[in-house]
Every structure is written in structure tokens, then in C-alpha cells.
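In what follows, a structure is listed as C-alpha cells, so that the remarks can point back to it.
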């Protein structure tokens with residue numbers, strides 16, 4: 001009887017070791033998710049004013065097409081303009097997300113493909129020339145790229161006494177910067193009173209806040225980003241109606 005019990009104990013011990021070994025092997029095979037990449041193209045490549053063009057975002061991960069992106073939204077504006085147009089893309093299949101756009105004048109235009117896919121946020125920017133457009137002097141601080149860090153502030157229509165939807169997208173070396181301390185510093189034009197609003201991170205690299213701006217007028221919004229030794233910021237002037 002003692003020999004039988006000893007044999008059973010030995011069998012269970014071996015089974016336990018085997019299970020732990022398999023568990024450890026499984027843990028060792030865990031890998032960091034591959035980076036989501038987005039390529040922005042236009043069809044046709046040469047764009048003429050007042051003619052329809054297709055803007056494409058080709059989304060891939062580890063060389064494979066991404067068919068399940070949560071959202072792809074194109075931000076388009078003419079060089080030097082403060083007004084930015086946001087349009088959600090449709091999925092055409094094979095990792096391609098598109099919108100149709102008519103550029104109504106010659107000029108240089110900026111296109112950012114804001115892409116949320118597989119818990120990552122990617123926002124590549126390209127410039128396209130429409131007709132015989134020339135680049136204007138750009139004085140728009142809503143998108144800044146200083147060295148390896150890129151900060152982009154997005155605002156919807158802002159109205160007094162209504163929560164203002166503020167979103168900052170932050171990247172470092174082309175990848176979403178997560179777990180950073182992000183604050184919106186806000187003050188009304190001509191006022192010495194500055195308010196600091198902490199932002200919360202949703203999708204990786206995407207930080208949001210919704211402060212209530214009580215009076216109409218022009219406001220300054222400065223986005224502060226801190227992580228370790230990194231400390232960067234951008235500033236933008238917005239109108240509250």
C-alpha cells in the first residue's frame with residue numbers, strides 16, 4: 001500500500017512539473033504586439049482643384065492588412081489656414097480606408113490619418129499639392145513636431161457653458177506615447193488667470209478632457225506633456241462662441 005501511494009505521489013509531481021513547464025513555455029512565447037503602420041495615398045497622385053480625389057489610409061500590422069480598425073478619420077486643412085476639416089473614413093477592404101474629397105483651390109494641403117486600431121493610435125501626416133499651389137507661411141500651432149515628439153490638439157466647435165471636447169494625440173518617434181502626464185493649460189485672451197486641467201488617457205497616446213469655458217471669446221490652450229525627462233508643449237488659440 002505504501003508503495004502504491006508513493007507511486008501516485010510521484011506521478012502527480014511529474015504532472016505538476018510538466019504543467020509548470022508548459023506554462024513557462026507559453027509565457028516565454030508572449031510577444032509585444034507589432035506596430036500598426038499607416039500609409040496615406042491619394043488617387044490620383046496629381047490632384048487638380050474642383051475635381052474629386054480619393055484619400056486612402058492603408059493600415060497594416062506585421063505586414064498584414066488590418067481589416068478591423070476601430071476608427072480612421074482624416075483631418076485636412078490648407079497650409080496656413082486655422083480651419084481643419086474632419087471626416088470619418090469608410091473601410092473598402094484589404095486594409096484600405098478612404099474618403100472622397102474635392103479641393104476647391106490651388107494650394108498645399110495637410111492630411112493626417114487619425115487611426116485607432118488594436119489598442120494603438122497612429123497619426124501619420126502628409127502634404128499634397130493641389131494644382132499649382134505654393135506653401136503659405138504656416139502659423140498654426142495646433143500640430144507641433146519638436147524632435148522625436150509630436151503633439152496634436154483637436155477641438156470640436158466650442159460653446160460657452162458647454163463642456164469643451166479637447167483631445168491631444170501624442171507620439172514619440174512615430175509611436176503612441178502612453179502613460180504620460182498631460183495637462184491642458186487654459187486662459188482667456190487678455191486674462192492673467194490660468195486654469196490647469198488634467199487629461200485622461202483613453203486609447204494609447206490619446207488624452208482627453210472636457211472643461212467648461214464660461215464666457216465667449218478667444219482662449220489660449222497649451223498642451224503640456226511630461227514623461228520621465230521628457231517635457232514638451234504646444235499652444236493654440238481657439239474661439240469660444
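Throughout, read-outs are computed from the coordinates displayed, never taken from laboratory work. Quick caveat, the model's predicted, so the values are computed rather than measured. Here Cβ is always computed from backbone atoms with ideal geometry, including for glycine, and neighbour counts include all displayed protein chains.
Which count do you get for residues in segment 146-178 that are in contact (Cβ under 8 Å) with a residue 40 or more places away in the chain and more than 14 Å from the chain's Cα centre (by Cα)?
So the answer is 10.
Only residues that are more than 18 Å from the chain's Cα centre (by Cα), more than 13 Å from residue 187 (Cβ to Cβ) and assigned to a strand (DSSP E or B): list them for segment 205-220, please.
212
Of the residues 201, 226, which is over 18 Å from residue 116 (Cα atoms) and either free of Cβ contacts under 8 Å to residues at least 60 places away in the same chain or surrounded by 20 or more Cβ atoms within 10 Å (Cβ to Cβ) (or both)? Outline the logic, then answer.
On the way: 201 fails: over 18 Å from residue 116 (Cα atoms).
Matching residue, one of 201, 226: 226.
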